[in-house]
Amino acid sequence: MSRGGQDNDRADGPERRCIATGDVEPKGGLIRFVVGPEGQVVPDLAGKLPGRGIWVSADRKALEKAAGKGLFARAAKGPVTVPEGLPDLIEGMLARRVVELISLARKGGGAVSGYEKVKDWLSKEEARVLIQAEDGSARGKTKLSTPYGGNYIGWLTADELGLAFGREKVIHAALGAGGLTKRVVEEAQRLKGLRVASADAKTAAGAAAGGKGRRKG
């Protein structure tokens, strides 16, 4: 961020300032909003809507603060209308986005579901991301490990994963390299900020936090 308040695009990617925390972060970890023609605050998850962007960290507390403290109006320099239940709205939108991306990956042959298929991909080192339903059996989930140097996603429900694979419920899934995998991981990390409490994230370091490394369970 320059001294004049302009956004800097650095070597590691564009950065934006969160209106709630004041922190400058890579924009991939924030939610972009724009103000519509009637003064309504509109979430822009894809970052493609016209207008000046207002950025908030993909974090439930940050969104609650931005909505409850009048920070959107301050950033817009005028009166705005903020949707009711903004954090829940964003969580739902991100969850649908992740599910749709996984579904597209599955249709392109880049994702599998079911314990045996996932285990096979892991054993052949074809999997880059292990996905397990947060409401699945803890005992069953400990039998599979995150690929070395890969990612773990563990905050989708069995119903949501089921939607992605055209089944009623899915507990275990995996994504291969390439394709939509990077986008799934990025969007899932934003969703994590709405679903996983900060305190839990610390105790889950090395497991779900950051999604990196070797994981059991």
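The values are calculated or read from the model by the stated rules, or taken from the named source; none is laboratory data. Nothing here was measured: the structure is a model prediction, and the numbers come from that model. Cβ: placed from backbone, ideal geometry, glycine included. Neighbour counts: every protein chain shown.
If you filter region 94-119 down to residues that are over 23 Å from residue 46 (Cβ atoms) and not charged (D, E, K, R), you find that the one that is surrounded by the fewest Cβ atoms within 10 Å (Cβ to Cβ) is 109. Those strands (runs of 3 or more DSSP E) of region 1-69 in which at least 1 residues are in contact with a helix residue (DSSP H, G or I) (Cβ under 8 Å, 6 or more places away or on another chain) and at pLDDT 95 or above, considering only elements entirely within it, cover 13-17, 30-35, 41-43, 54-57.
Taken over region 178-198, the criterion of being of a type in the set (A, V, I, L, M, F, W, C) and assigned to a loop (DSSP other than H, G, I, E, B) is satisfied by 180, 196, 197.
Here is a yes/no grid of residues against (1) farther than 22 Å from residue 190 by Cβ; (2) of a type in the set (S, T, N, Q); (3) in contact with a His (Cβ under 9 Å, 6 or more places away or on another chain):
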position	(1), (2), (3)
117	yes, no, yes
125	yes, no, no
133	no, no, yes
152	no, no, no
156	no, no, no
164	no, no, no
169	yes, no, no
172	yes, no, no
179	no, no, no
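Of note, residue 207 satisfies the criterion of being at pLDDT below 95, in contact with a strand residue (DSSP E or B) (Cβ under 9 Å, 6 or more places away or on another chain) and in a loop (DSSP other than H, G, I, E, B).
What are the residues in region 71-88 that are part of a helix (DSSP H, G or I), surrounded by 16 or more Cβ atoms within 10 Å (Cβ to Cβ) and without any contact (Cβ under 8 Å) to a residue 60 or more places away in the chain, if any?
Within region 71-88, 71, 72, 73, 75, 76, 86 meet the criteria.
For residues in region 143-163 being hydrophobic (A, V, I, L, M, F, W, C) and part of a helix (DSSP H, G or I), which is surrounded by the fewest Cβ atoms within 10 Å (Cβ to Cβ)? For region 143-163, the residue satisfying everything is 158.
Is there a residue in region 120-142 that is in a strand (DSSP E or B), polar (S, T, N, Q) and surrounded by 15 or more Cβ atoms within 10 Å (Cβ to Cβ)? Among the residues of region 120-142, at least one is in a strand (DSSP E or B), polar (S, T, N, Q) and surrounded by 15 or more Cβ atoms within 10 Å (Cβ to Cβ), which makes the answer yes.
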